[in-house]
Amino acid sequence: MPHTLTISQLTDKLAQGELTSRDATQACLDRIAAVDGQLNAFLSHDPDDALAQADAADAARASGVSGEAKPLLGVPIAMKDVIAVNGHPLNCASKILGDFNSPYDATVTQKLREAGAVIFGRMNMDEFAMGSSTENSAFGPARNPWNTDRIPGGSSGGSAVAVTADECIASLGSDTGGSIRQPAALCGCVGLKPTYGRVSRYGLVAFASSLDQIGPLTKDVRDAAIMLGVIAGEDKRDSTNVPEPVPDYTAALTGDIKGLKIGLPKEYQVDGLDPEVKAATDAAVAELEKQGAEMREISLPHTEYAIATYYIIATAEASANLARFEGVRYGARVDGASPEQMNRATRGAGFGEEVKRRIILGTYVLSSGYYDAYYLRAQKVRTLIRQDFLNAFEEVDLIASPTTPTPAFKIGEKSGDPLQMYLSDIFTISCNLAGLCGISVPCGFSNEGLPLGLQLLGKPFGETDLLRAAHAYEQTTDWHNKRPELD
Amino acid sequence: MEYEAVIGLETHVQLRTRTKMWCGCVNEYGAEANTNVCPVCLGLPGVLPVPNAEALRKTALTGMLLNCDVPGFSKWDRKNYFYPDNPKNYQLTQLDFPSTIEGFVEFEFDGGTERVRINRAHLEEDVGKSTHFADYSGVDFNRAGVPLLEIVTEPDLTGADMAYEYLNALKAILEYGGVSDCDMEKGQVRCDVNISVRPIGQTELGEKIEIKNMNSFSGVRRAAAYEIERQIGVLREGGSLVQETRRWDDALGITESMRTKEDAHDYRYFPDPDLMPHTPSDEWIAEVRATVMELPLARKRRLMADYQLPAGDAEVFVGDAALGEYFEAAAKGARNPKAVANWVMNNLQAKLSETNGAVADVKFESSAIGELVGLVEGGKISSRIAQDVFVEMFETGKAPAIIVEEKGLSQVSDSGELEEFCNEAITANPGPAEDFRNGKEAALNFLKGQVMKASRGKANPQMVGELLKKILGS
């Protein structure tokens, strides 16, 4: 069952010759064939290309290339459909890109290649990463493997589903307001959002440029540390990338969190927090305390403004970022009598409802006469929110909270009520506004058998502490080893 | 009532850089359509811009040449509008924190010196070029992402001719600075003209009319002249003007309305989140400042002062910078720089154009022309011989004194020898000799010419004249 392995388990077996990359890749492909019909995690995948990469990895290993030189040699990694892979479709789960194939690799794709990974699959997502349920995909929703009537979370829903359902060993997603952490929590895997500037955004189709960050979804915390070590680092092609040295993240996984100070924001005791979620989070916090962490109540006074601030800044940036999709140079085109009519027809037909809603919102908040009241004010509030966190991090090393206020809801339950949907990002969104790092780790199940997630937030470039604490917690539980039954 | 015009210009100039503003594509004109393109300048999904350091330097340099400040903080903004030639459908530009601010340009106009204030010179990116065919259009993105400088004046220009001279002065500065080739044919300079008129004495400005996308300076002059007259005409007839954008029809020689303020674009500017602000260090600014060169007007004034050149000569050397530099090298230490200037402007330039050569190819030392002038002025050779010596210098690179020595071209100043030549000329030409004796002064020149001819140009002409007079008068 090589597809059920973690990265560290698989690379051990590959190194010892117990398995080949072809075995592992074929196992993933078989698993996709068996279960993805009901999950819809993959928008597309190219088995021949994946196996060819696997064979190349096996050949490299046979010729003496070591796992130290290439930490992901032969490991099948799935990619969210928003990250460019040369020669492969890049649709962002939207109709508007038509049959577009990317003619270049994202920086993270290159880094995965250099590390020897088998890069395969285009993972389902909310169109242009706009959503919290993967219901906004133009190619049908992905489904939660624990209960296929439920959403898997989003926007990186496909990436989370594929990891949890063992259709790949690990995957990449992107997180603009919780899009890695929230589906990881709702599917029961680990999801890491690195600090803004930690991972290059070159080749990540932008939703909100000042908030977007690529990160891994994995079966355990060690794998998240391995993946981050591969994809992090300086990239001259991304001006917002920070040339901070990349530490050995796996070396931080000591299990020792004695004296680590963890903050519990009093503002996160919100109405609508599901009692089961609260109970699971409290238990996880108690476990961390038992391991030697010190808990403190902290205050993040501007929390209540986070969602409003986010939906102004993110939509403003998105309204410009998505302007390039009009069918002139690439993607789907609906002809018109004039360039303007072609533009309207193409965008009208190509974008889904939620994308249109956000483009209109973003266009509105940037409009002459409204800019100061909305966009400029939102930027000021964003600074206050960031300051809240920096103040808190004067006193604590990490902040703990639930990842989501509720377990996975039913498909269709909130799709008619965008505002309710937006509120499901309440615990994850501030991390992006403040440029922090954050992780979600499995911390239990609801009575209905749906996974729940513990979120830990760290200082900018504080991934080492974040991973250490998440790993220490994971060592004391078995949640991450649970797998849904799928037939 | 008398009216006056108020004009401000926004001039877009393509910077001369090796590569485009945000990517590694070559910045060149005339390549086959869509060959100098990449994912970045085509605006493909997922790409990010990286600023071109050379463009940032040339922008700062331009600002310095325009007497602008170079602030320690500038940033990039997105200007949102849809057009098929605009790959991202937003243009990166600098809205409220431009790279350079608050300078001025001085230029000569109408017998005096004018100063036009520069509001800013900011950096942005050019867009692609649309071509319209019978039933479809094509876009060439080779130009998309070429660094474009926008130089904005204050409304300090008062007429069409003045606007024209400002543009010429600006072009000269940009060419001198090596920041742009300013090739109008290649669309490297484009201009938006803002014009209003008001009764003389009124301080507030009239309704502003913008004429977009002018691509020749003479067009700007004609359009401005037309527009001033049109606006004054409307007001005189009791009409009123509204703020609007107009288009210049060069063939008809008129402007026509494109759109009024009501349907103006809302560009929804906001700071580009993909680019960090540009915060040049003092060292960086100092490095750029060290490359600032002398500007045309300053150079003209200096050439006139330092070398006692007339304005016309100085303009020749300002207009052709290489020739000007050559002149300064040649005139160094020369006692008569004006004579050196004549040699450079006349003989050297003629020879260079005859041989299709450049100043850099001149074989003789830069000091040689000064030496040649010295030989003439010292009476060592005649001006006539000097012409031959120059040709020899140009061909062989030898020093003038060596040529004179080798070819025995020294002027004959020995009175005995000269007297012999004079007597021979008088004997051979009794008629003119008689004429001179009868008071016809011009006859002397004929005889003098005969002597010069007989001496093959080597006779000292002044001594010949004196000797002839002496012989004929006795």
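The values are calculated or read from the model by the stated rules, or taken from the named source; none is laboratory data. Please read all numbers here as calculations on a predicted model, not as lab measurements. Heads up, the Cβs are rebuilt from the backbone with ideal geometry, glycines too, and the neighbour counts pull from every protein chain shown.
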Since residue B:4 meets every condition but one in (1) part of a strand (DSSP E or B); (2) within 14 Å of another protein chain (Cβ to nearest Cβ), which condition does it not meet? (2)
Residue satisfying all of: in the stretch A:82-95; more than 24 Å from residue A:60 (Cα to Cα) and surrounded by fewer than 24 Cβ atoms within 10 Å (Cβ to Cβ); nearest to the other protein chains (Cβ to nearest Cβ) among these: A:89
Selection from the stretch B:178-233 of residues that are within 20 Å of residue B:253 (Cβ to Cβ), in contact (Cβ under 8 Å) with a residue 60 or more places away in the chain and of a type in the set (Val, Ile, Thr): B:193, B:195, B:197, B:220, B:228, B:232
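Kindly establish whether residue A:246 is within 28 Å of residue A:91 (Cα to Cα) and either modelled with pLDDT of 95 or more or in contact with an Asp or Glu (Cβ under 9 Å, 6 or more places away or on another chain) (or both).
On the way: within 28 Å of residue A:91 (Cα to Cα): no; either modelled with pLDDT of 95 or more or in contact with an Asp or Glu (Cβ under 9 Å, 6 or more places away or on another chain) (or both): yes.
No: the conditions fail for residue A:246.
Rundown of residues vs (1) among the aromatic types (Phe, Trp, Tyr); (2) out of contact with any helix residue (DSSP H, G or I) (no Cβ under 7 Å at 6 or more places or on another chain), yes/no style:
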site: B:287; (1), (2): no, yes
site: B:293; (1), (2): no, no
site: B:302; (1), (2): no, yes
site: B:307; (1), (2): yes, no
site: B:312; (1), (2): no, yes
site: B:322; (1), (2): no, no
site: B:325; (1), (2): no, yes
Just to check your reading of the model, which residue among B:295, B:275, B:348, B:303 is under 30 Å from residue B:78 (Cβ atoms) and crowded, with 19+ Cβ neighbours inside 10 Å? B:275
Being surrounded by 21 or more Cβ atoms within 10 Å (Cβ to Cβ) and either of a type in the set (A, V, I, L, M, F, W, C) or out of contact with any Ser or Thr (no Cβ under 7 Å at 6 or more places or on another chain) (or both) is the filter; apply it to the stretch A:317-329 and report the residue that is farthest from the other protein chains (Cβ to nearest Cβ). A:318
Residues located in the stretch A:144-166, provided they are in contact with a strand residue (DSSP E or B) (Cβ under 8 Å, 6 or more places away or on another chain) and surrounded by fewer than 24 Cβ atoms within 10 Å (Cβ to Cβ): A:149, A:150
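If the requirement is being surrounded by 18 or more Cβ atoms within 10 Å (Cβ to Cβ) and under 17 Å from residue B:326 (Cα atoms), which of these qualifies: B:373, B:389?
B:373
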Take residue A:382 and decide whether it is facing another protein chain (nearest Cβ under 10 Å) and part of a helix (DSSP H, G or I). no
Pull up the stretch A:51-73, narrow it to residues that are part of a loop (DSSP other than H, G, I, E, B) and of a type in the set (Gly, Ala, Ser), then point me to the one that is modelled with the highest pLDDT. A:63
Can you spot a residue in the stretch B:249-268 that is touching a residue at least 60 places away in the same chain (Cβ under 8 Å) and either under 30 Å from residue A:241 (Cβ atoms) or surrounded by 14 or more Cβ atoms within 10 Å (Cβ to Cβ) (or both)? yes
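Picking from A:179, A:174, which residue would you name as being in contact with a strand residue (DSSP E or B) (Cβ under 7 Å, 6 or more places away or on another chain), within 21 Å of residue A:307 (Cα to Cα) and part of a loop (DSSP other than H, G, I, E, B)? Write out each step before concluding.
Numbers: A:174 fails: part of a loop (DSSP other than H, G, I, E, B).
Criteria check complete, one pass: A:179.
Specify the residue that is surrounded by the fewest Cβ atoms within 10 Å (Cβ to Cβ); the eligible residues are those in the stretch A:1-42 that are among the small types (Gly, Ala, Ser) and in contact with a helix residue (DSSP H, G or I) (Cβ under 7 Å, 6 or more places away or on another chain).
A:8
What tally of residues in the stretch B:278-292 results from selecting those that are part of a loop (DSSP other than H, G, I, E, B), surrounded by fewer than 13 Cβ atoms within 10 Å (Cβ to Cβ) and away from chain A (no Cβ under 14 Å)? It would help to see each step written out before you state the result.
Here is the first cut: in the stretch B:278-292, the residues part of a loop (DSSP other than H, G, I, E, B) are B:279-281, B:290-292.
When the remaining residues are screened for being surrounded by fewer than 13 Cβ atoms within 10 Å (Cβ to Cβ), the result is B:279, B:281, B:290, B:292.
Checking the rest, the ones that are also away from chain A (no Cβ under 14 Å) come to B:281, B:290, B:292.
Here the count works out to 3.
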Within the stretch B:58-74, is there a residue that is buried (at least 22 other Cβ atoms within 10 Å of the Cβ), under 18 Å from residue B:186 (Cβ atoms) and more than 14 Å from chain A (Cβ to nearest Cβ)? yes
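State all residues of the stretch A:470-485 that are more than 16 Å from residue A:184 (Cβ to Cβ) and crowded, with 17+ Cβ neighbours inside 10 Å; if no residue qualifies, say none. Walk me through it before giving the result.
Of the residues in the stretch A:470-485, the ones more than 16 Å from residue A:184 (Cβ to Cβ) are A:472, A:475-476, A:478, A:485.
Of everything in the stretch A:470-485, just one residue is more than 16 Å from residue A:184 (Cβ to Cβ) and crowded, with 17+ Cβ neighbours inside 10 Å, namely A:472.
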Considering only residues that are in a loop (DSSP other than H, G, I, E, B) and closer than 18 Å to residue B:428 by Cα, look in the stretch B:447-473 and name the one that is modelled with the lowest pLDDT. B:456
Pairs, please: C-beta under 9 Å, at least 6 apart or cross-chain, first residue closer than 10 Å to residue B:371 by Cβ and in the same structural domain as residue B:367 (by TED's automatic domain parsing) and in the stretch B:391-405, second charged (D, E, K, R) and assigned to a helix (DSSP H, G or I)? B:399/B:371; B:400/B:371; B:400/B:392; B:401/B:371
Quick check on the stretch B:83-102. Is at least one of its residues surrounded by 18 or more Cβ atoms within 10 Å (Cβ to Cβ), away from chain A (no Cβ under 14 Å) and in a strand (DSSP E or B)? yes
Counting only residues in the stretch B:23-44 that are more than 14 Å from chain A (Cβ to nearest Cβ) and part of a loop (DSSP other than H, G, I, E, B), the one modelled with the lowest pLDDT is identified as B:30
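Residue under question is residue B:182, and the condition is that it be in a loop (DSSP other than H, G, I, E, B) and closer than 27 Å to residue B:226 by Cβ; does it hold? First the steps, then the outcome.
Details: in a loop (DSSP other than H, G, I, E, B): yes; closer than 27 Å to residue B:226 by Cβ: yes.
Against the criterion (in a loop (DSSP other than H, G, I, E, B) and closer than 27 Å to residue B:226 by Cβ), residue B:182 qualifies.
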Suppose the filter is over 13 Å from the mean Cα position of the chain (by Cα), more than 14 Å from every other protein chain (Cβ to nearest Cβ) and buried (at least 24 other Cβ atoms within 10 Å of the Cβ); does residue A:223 pass it? yes
Those residues of the stretch A:329-341 which are touching a helix residue (DSSP H, G or I) at 6+ places or on another chain (Cβ under 8 Å) and either part of a helix (DSSP H, G or I) or among the β-branched types (Val, Ile, Thr) (or both), in sequence order: A:334
Of (1) assigned to a helix (DSSP H, G or I); (2) aromatic (Phe, Trp, Tyr); (3) within 14 Å of chain B (Cβ to nearest Cβ), residue A:305 fails just (3)
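Among the residues in the stretch A:30-50, are any among the hydrophobic types (A, V, I, L, M, F, W, C), at pLDDT below 95 and not in a loop (DSSP other than H, G, I, E, B)?
Narrowing the stretch A:30-50 to residues among the hydrophobic types (A, V, I, L, M, F, W, C): A:32-35, A:39, A:41-43, A:50.
In the following step, the residues that additionally are at pLDDT below 95 were identified as none.
No, because not a single residue in the stretch A:30-50 is among the hydrophobic types (A, V, I, L, M, F, W, C), at pLDDT below 95 and not in a loop (DSSP other than H, G, I, E, B).
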Selected residue (criterion: surrounded by the fewest Cβ atoms within 10 Å (Cβ to Cβ)) from residues of the stretch A:96-136 that are part of a loop (DSSP other than H, G, I, E, B), within 14 Å of another protein chain (Cβ to nearest Cβ) and among the charged types (D, E, K, R): A:99
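Can you say whether residue A:160 is under 12 Å from residue A:40 (Cα atoms) and either of a type outside the set (Asp, Glu) or within 14 Å of chain B (Cβ to nearest Cβ) (or both), as far as the supplied structure shows? Even if it seems obvious, please write down each step before you answer.
Details: under 12 Å from residue A:40 (Cα atoms): yes; either of a type outside the set (Asp, Glu) or within 14 Å of chain B (Cβ to nearest Cβ) (or both): yes.
Spelling it out, residue A:160 is indeed under 12 Å from residue A:40 (Cα atoms) and either of a type outside the set (Asp, Glu) or within 14 Å of chain B (Cβ to nearest Cβ) (or both).
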